[in-house]
Structure formats: structure tokens, C-alpha cells
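The values are calculated or read from the model by the stated rules, or taken from the named source; none is laboratory data. Being a predicted model, the structure only gives us computed values, none of them experimental. Don't worry about glycine lacking a Cβ; one is built from the backbone with ideal geometry, like all the others, and counts go over all protein chains shown. Surface areas here come from the heavy atoms of the whole protein model, side chains and all, with no ligands, DNA or RNA. Shrake-Rupley method; radii C 1.70, N 1.55, O 1.52, S 1.80 Å.
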Amino acid sequence: MDHNLNNLLRKATEALANYLDWLLPSLFDNWWKDAVVDKLSFQQQRRVEQKGIVSLSSLDFAALLRVLDQNWYRISMKMNLSPESRHFVKEMQTVRNRWAHAGTEGFPLEDVYRDMDTMQRFATVIEAEEAFIQEIRTTKTSLLESRVTSISKAPANEAQTAEFEPGQIVFLKSNPEIKGAVVSIMQGKPENRYNVFIDGQTRIFYAS
């Protein structure tokens, strides 16, 4: 896994441990046993026992995610979290499992971008520090730029007659909040079409 992704995963682990450490004692009298140990898988419980783990900061990301998920009802009631928030928790578990089994070849940029988007939303749910969330945004921007520069530029005569050019950030007329980067041009009649990298994938749009 890329060094920067490893670093973000470490920071996500720390942020989740801090969140649970702040929250769980207010929800359970015997929170370490009832909210943590009893909610772990058998293998995770054995690891806690064998290593003498007595703090959330000593648990790995998989165990922390399980603790959050298994205590979701109480946590969501306390923090007034939406059902959508739990969706991001489930997605983050999938991301973590995929990264844990990453091969030396890594993942396509589109997949990493999508994972970063999930991590950003997850970080917001657990009220991570803004500096960490901004670091995720910066990584997403870097991935987007890498995706754009990895695709061949359109010929000069195409760029001159097209409404947009590769690398340009555009948005949908129907929803200006949806933005993406033009990666290639497909000239044609009655109007040009564009490959746009948006929401972690490449989609085709007409110029209009």
C-alpha cells in the first residue's frame, strides 16, 4: 500500500480510538467489558487477552470498527447519527479489509479515490480533527490530478474546437454541486461528448 494511504489509515485508527474513548464511558457502566471485549470476535478477544490490552488505543482498526458497529444503536442515539452514517461505517470496514489484503500491484486510481471519499465521510461521522479531514481532501485532489495527467491529451486541433479541454474542472448544469475533471474529448455531431472523472469514476457527458 502507498505510504500516504498507510499514514491516513493510521490516523483514522487514532481518530476512531479517541472518539470511542470519549464516548463509550458515558454509555456503559462497565464499558471496557460490555462495549469492547464482549463485542469483539473470538479471535480479537484472544488477542486482547494474550497481549493484555486494556485500552482502545492498543486495538487495531478492524477491532475498533467492530466496536463502533456493534454498539451503533446506543452511539447513534447519543450522537443523533443518521442511518446513512452507519452506511459509511460499513463501507469503511470493506475498505479496511481490502487494504489489509492489498497486493504489491496496488489498486486502480479510481478505487483509491473512492476509498478516500469513504474515509472522508467516515472521518466526519466520528468527528475527526479538521486537519485530518483536510489531508484526505488533499489526497483526493492529488489522485484526481494523477488520473487526469495519466490520460493522453487530445490533439491540439480538437482542443481548439471543443467547448472544454482535458484537465478542466466542469459541473453539471442540472446540479452545479456535482463537479469533475475532463479527461478526454470525443468530437461528434450534433455535439461533442466528454469523458469526465467524477465521484471516483469516468462518466460520459454531452457538452450541453
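Scanning segment 108-134 for residues that are within 16 Å of N7 (Cα to Cα) and touching a Ser or Thr at 6+ places or on another chain (Cβ under 6 Å) yields a count of 1.
Take the conditions touching a Phe, Trp or Tyr at 6+ places or on another chain (Cβ under 6 Å), open to solvent by less than 90 Å² (accessible area, probe 1.4 Å) and either outside any helix (DSSP H, G or I) or at pLDDT below 95 (or both) and apply them to F107. Does it pass? Taking the combined requirement at face value, the residue does not satisfy it.
Mind telling me which of the residues R98, R114 ends up being outside any loop (DSSP other than H, G, I, E, B), modelled with pLDDT of 70 or more and touching a strand residue (DSSP E or B) at 6+ places or on another chain (Cβ under 9 Å)? Break it down stepwise before answering.
Values: R98 fails: touching a strand residue (DSSP E or B) at 6+ places or on another chain (Cβ under 9 Å).
That would be R114, the only listed residue that is outside any loop (DSSP other than H, G, I, E, B), modelled with pLDDT of 70 or more and touching a strand residue (DSSP E or B) at 6+ places or on another chain (Cβ under 9 Å).
Among the residues in segment 7-19, are any within 17 Å of the chain's Cα centre (by Cα) and open to solvent by 80 Å² or more (accessible area, probe 1.4 Å)? Yes - at least one qualifying residue is present in segment 7-19. Within segment 122-134, none of the residues are part of a helix (DSSP H, G or I), touching a Leu at 6+ places or on another chain (Cβ under 8 Å) and over 16 Å from E14 (Cα atoms). Checking each residue in segment 67-87 for being within 17 Å of the chain's Cα centre (by Cα) and open to solvent by 20 Å² or more (accessible area, probe 1.4 Å) picks out E84, R86, H87. In segment 40-59, the residues that are surrounded by 10 or more Cβ atoms within 10 Å (Cβ to Cβ) reach residues that are not aliphatic (A, V, I, L, M) with C-beta atoms within less than 6 angstrom, at least six apart or across chains, in these pairs: L56/D21.
With respect to being of a type in the set (V, I, T), open to solvent by less than 20 Å² (accessible area, probe 1.4 Å) and within 23 Å of R137 (Cβ to Cβ), V95 fits the description. Among residues of segment 62-87 that are over 15 Å from Y19 (Cβ atoms) and in contact (Cβ under 8 Å) with a residue 60 or more places away in the chain, none has a beta-carbon under 6 Å from a residue that is assigned to a helix (DSSP H, G or I) and open to solvent by 90 Å² or more (accessible area, probe 1.4 Å) at least six positions away or on a different chain. Residues of segment 31-53 include at least one that is at pLDDT 95 or above, aliphatic (A, V, I, L, M) and in contact with a Phe, Trp or Tyr (Cβ under 8 Å, 6 or more places away or on another chain).
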